[in-house]
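What follows is calculated from the coordinates using simple rules that are stated; it is not laboratory data. These numbers come from a predicted model, not from an experiment. All Cβ positions, glycine included, derive from the backbone under ideal geometry; neighbour counts span all protein chains shown.
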Amino acid sequence: MRIPMQLNVLAKNDAAAATNRSRFADSKVVAINLMGSPGCGKTALLEATLDALAGELRIGVVTGDLATARDADRLRDRAVCVTQINTGQGCHLDADQVARGLADFPLDELDLVFVENVGNLICPATFDLGEAHKVVVFSTPEGQDKPAKHPSALLAADLVLLNKVDLLPYLDFDVAAFRSDVAGIRDDLDLLEVSATSRDGEPQLARWLEWLRGLVT
């Protein structure tokens, strides 16, 4: 009896995702589902990204978390519009929650919408939100074996970011082994090394920013 119930939940989500996708397409907005574990640096990456693209791209953010509005508060002054979704015990955002989060967004006045998903590498990969691209963020302090342990995130992704590479001199992290694990699951995925902060004070984001610019041109 569990299978029909699961199919019903996914069917309802997929219908809401299709509506979101249509809204994004009508407004010519590119939506990105940003996935990653708690603490991988998604919010810090968004802070640095929004700062770097200020005055160039018009960006809105829907951010999901179990509780608090702290992530939204960090991003609010950097984006055109930000909304926080608290899921309580929910381990991911669904398409209907995103639709409600977008209710007050002036989509016709935006170029990009980031959906910062709940910190999790399992559930978010399963649920279509109506986004154009899924980006999965790993970070060096998590260890190099995360991709091998969480293949579902890679199977759903369009891009992989290895974050916090500024910490590599202080960690026992084998970048080549990390890249090999990613390629073993998806050899067609681009993998960019990034850092929201770095030792010299400048974030290492050039290729990530170039990728984003390419989506809206």
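Derived from the Cα gyration tensor, the three semi-axes of the equivalent ellipsoid of the chain are 26, 22, 16 Å, largest first.
Principal axis extents of the Cα atoms in segment 1-125, from largest to smallest and rounded to whole angstrom, are 52, 34, 19.
One-quarter of the Cα convex hull surface for segment 1-74, in nm²?
Values: hull surface 27.8 nm².
With every direction weighted equally, the projected area is 6.9 nm².
Rg over Rh for segment 55-164 works out to 0.96, both radii taken from alpha-carbon positions and Rh defined as the Kirkwood radius.
Which order do Lys164, Lys12 fall in if you start with the one that has the fewest other Cβ atoms within 10 Å?
Details: Lys164 26, Lys12 13.
Going from sparsest to densest Cβ surroundings: Lys12, Lys164.
Plainly put, segment 125-209 has a radius of gyration that is 0.97 times its Kirkwood radius, both from alpha-carbon atoms, as the Rg/Rh ratio.
Contact order normalised by length for segment 2-215, with contacts defined as Cα pairs under 8 Å and 6 or more residues apart; what percent is it?
Numbers: 413 pairs, mean separation 51.7, N = 214.
Value for segment 2-215: 24 percent.
Classify segment 95-136 as rounded, prolate or oblate from the Cα gyration tensor: take a ≥ b ≥ c as the square roots of its eigenvalues, call it rounded if a/c is under 1.5, otherwise prolate when a/b beats b/c and oblate if not. Cα axes put segment 95-136 in the prolate bin.
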